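Before anything else, here's the structure in question.
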Amino acid sequence: MRNSADKIRGTGNPNVCVCERGTMFGYSDLIVDPRNLVWMRDANCPVLADITHSLQQPAGRAIGEGGVASGGLRNMIPTIARTCAAVGVDGIFMEVHDNPESSPVDGPTQWPLRNFRSLLEEIVEIAKVSKGKSEFDIDLTPVGEEF
């Protein structure tokens, strides 16, 4: 991501961020690999996570007579949000709706407004206690009797 971010900065725009939105896996599933959130820091700019988009299942839902629409894994939104907060992202993006079942677009991955406050409070608490941005000093020396 560093090269892409540097290209944008090269135009004179210093306002750059990178965003994890899921990686296509198989035919209709986006997944989040938490390693990407760490590797994206190499771009030297804020790392964001689009929680709800990353749980879409493109063309994963049949509609009408042979039509398709995006499905999604709404029930996994808290899991991915917690993971991103623990890893230490700089910000999150979530589609929130007062009635997700009636949403004309991306309904299966919209988070219910009535549950937003409690999830957001939990994410903030995880982010406060996480050492997700800290490198871990891995000691590879053999363990002796002191262990």
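What do you get for the angle between helix 77-87 and the principal long axis of the chain? Use alpha-carbon atoms, 0 to 90 degrees, nearest ten.
In the chain, helix 77-87 runs at an angle near 20 degrees to the longest axis.
If R0 is 25 Å, what FRET efficiency do you get for VAL96 and ILE138 from their C-beta distance, rounded to 0.05?
The value I calculate is 0.05.
Mind jotting down a quarter of the surface of the convex hull over the alpha carbons of region 75-118, in square nanometres, one decimal?
On the way: hull surface 13.0 nm².
Directional mean of the projected Cα hull area for region 75-118 stands at 3.3 nm².
Let me ask something else about it. Take the alpha-carbon positions of the chain, form their convex hull, and give its projected area averaged over all directions (one quarter of the hull surface) in nm². All intermediate terms of the calculation are to be shown ahead of the outcome.
On the way: hull surface 53.2 nm².
Answer in nm², one decimal: 13.3.
Right, another one. With +1 on each Lys and Arg Cβ and -1 on each Asp and Glu Cβ, how big is the dipole of the chain about its Cα centre, in debye rounded to the nearest 20? Show your work: numbers first, answer last.
Numbers: 14 positive and 20 negative charges, 89 e Å.
Around 420 debye, computed over the chain.
Check TRP111: other-chain or 5+ apart residues with amide H under 5 Å from its amide H, H built from backbone geometry?
Amide H neighbours of TRP111, under 5 Å, 5+ apart: GLU95, VAL96, HIS97.
Below 12 angstrom from the Cβ of ARG74, what's the summed charge of the other residues (Lys, Arg +1; Asp, Glu -1)?
Numbers: positive: none; negative: GLU95, GLU101, ASP106.
Here the charged neighbours net out to -3.
Further, regarding this structure: Starting from a Cα-only point model with no solvent, please compute log10 I(q)/I(0) by Debye for region 1-68 at q = 0.12, 0.17, 0.21 1/Å.
Values, matching the q order: -0.43, -0.69, -0.86.
FYI, it's all coordinate maths here, none of it is from the lab. Please read these numbers as outputs of a predicted model, since none were measured by experiment. All Cβ positions, glycine included, derive from the backbone under ideal geometry; neighbour counts span all protein chains shown.
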